[in-house]
Amino acid sequence: MHIIVVGCGRVGSLLANTLVADGHSVAVIDKNEAAFRRLPTTFPGRAIVGFGFDREHLTEAGADKADALAAVTSGDNSNILTARIARETFHIPAVTARIYDPRRAEIYQRLGISTVASVAWTRDQVLRALFPERSVTEWTDPTGHLHLVSRQLPTRWCGRLLTELEAASGTRLVSVSRAGSAFLASADLVGQEGDVAYFAVTTETTARLEAALAHGGD
């Protein structure tokens, strides 16, 4: 795949290096030439001084043949403008934008632009550590109706088939993280202490999941 990374800060440079290591063709755009010092001297991709929302710079980066673009600069407006041009002008199939204001996420998702809210992600990870009984929204679809939430499994569900939890809540258990490993849920999966469970929920079933987790499905 050919992937464009807009922004060569800590996130952008790490992303670009990871993509190259995975065998992808990568072009990086940054307005500051000094930012490319974060890339190794052996970096095989293209480094373009410019702006992600400039059509000429995107063309130079290969936007007409790109399979994906990630806008990860430090500016919300620049990232979203870049993402919209990538989708609407160059019709790049997979586009995502980093945002710092999570209140904007739902708006952009409705435009078909996936977002990664750095502040919200950090906040949710801290809250998970402080309050393990709190559910964390990991992903929301562009309509805002379907969500992937994670939750540390309460002790009342340990030793029980987790299909009972699905039946009680009307949700779908997708996967479980256990002792440093993750795996897809199966019909015979029994909960264990320390499990972090990932559920697919709708807006209507979110409250049912919380009730089932809290009361054991009684």
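Please state which one of Ala179, Ala168 is among the small types (Gly, Ala, Ser) and in contact with a Gly (Cβ under 6 Å, 6 or more places away or on another chain).
Ala168
Does segment 174-207 hold any residues that are surrounded by 12 or more Cβ atoms within 10 Å (Cβ to Cβ) and closer than 15 Å to Leu146 by Cβ, and which are they? Steps first, please.
Narrowing segment 174-207 to residues surrounded by 12 or more Cβ atoms within 10 Å (Cβ to Cβ): 174-178, 185, 189-203, 205-206.
Result: Val174, Tyr198, Phe199, Ala200, Val201, Thr202, Thr203, Thr205, Thr206.
Can you tell me which of (1) touching a Pro at 6+ places or on another chain (Cβ under 6 Å); (2) assigned to a loop (DSSP other than H, G, I, E, B) is the one Leu213 doesn't meet?
In the conditions (1) touching a Pro at 6+ places or on another chain (Cβ under 6 Å); (2) assigned to a loop (DSSP other than H, G, I, E, B), Leu213 misses (2) alone.
I'm trying to understand the selection: among the residues of segment 175-196, which are under 18 Å from Pro154 (Cβ atoms), hydrophobic (A, V, I, L, M, F, W, C) and not in a loop (DSSP other than H, G, I, E, B)?
Val176, Val190, Val196
Identify, from the list Asp67, Asp54, the residue that is among the charged types (D, E, K, R) and more than 17 Å from Ala16 (Cα to Cα).
Asp54
Being out of contact with any strand residue (DSSP E or B) (no Cβ under 7 Å at 6 or more places or on another chain) and modelled with pLDDT under 90 is the requirement here; does Asp54 meet it? Don't jump to the end; show me each part of the working.
Numbers: out of contact with any strand residue (DSSP E or B) (no Cβ under 7 Å at 6 or more places or on another chain): yes; modelled with pLDDT under 90: no.
No.
Of these, Asp141, Asp195, which one is modelled with pLDDT under 90 and outside the structural domain of Val95 (by TED's automatic domain parsing)?
The match here is Asp141.
Suppose we filter segment 32-87 for residues that are without any contact (Cβ under 8 Å) to a residue 12 or more places away in the chain and crowded, with 21+ Cβ neighbours inside 10 Å; how many remain?
Qualifying residue count, segment 32-87: 0.
So, in segment 133-157, how many residues would count as being more than 12 Å from Leu213 (Cβ to Cβ) and not small (Gly, Ala, Ser)?
Counting residues in segment 133-157 that are more than 12 Å from Leu213 (Cβ to Cβ) and not small (Gly, Ala, Ser) gives 12.
For segment 178-190, does any single residue satisfy the condition of being hydroxyl-bearing (Ser, Thr, Tyr), in contact with a strand residue (DSSP E or B) (Cβ under 8 Å, 6 or more places away or on another chain) and on the phi < 0 side of the Ramachandran plot?
Narrowing segment 178-190 to residues hydroxyl-bearing (Ser, Thr, Tyr): 181, 186.
Subsequent filtering for residues that are in contact with a strand residue (DSSP E or B) (Cβ under 8 Å, 6 or more places away or on another chain) retains none.
Within segment 178-190 (the criterion being hydroxyl-bearing (Ser, Thr, Tyr), in contact with a strand residue (DSSP E or B) (Cβ under 8 Å, 6 or more places away or on another chain) and on the phi < 0 side of the Ramachandran plot), the answer is no, since none of the residues qualifies.
Taking the condition farther than 30 Å from Leu81 by Cα, at pLDDT below 90 and over 22 Å from the mean Cα position of the chain (by Cα), does Gly216 pass? Working first, answer last.
Values: farther than 30 Å from Leu81 by Cα: yes; at pLDDT below 90: yes; over 22 Å from the mean Cα position of the chain (by Cα): yes.
It is true that Gly216 is farther than 30 Å from Leu81 by Cα, at pLDDT below 90 and over 22 Å from the mean Cα position of the chain (by Cα).
The values are calculated or read from the model by the stated rules, or taken from the named source; none is laboratory data. Computed from a predicted structure; not experimentally measured. Methodologically, a virtual Cβ is constructed for each residue, glycine included, from the backbone with ideal geometry; neighbour enumeration extends over all protein chains shown.
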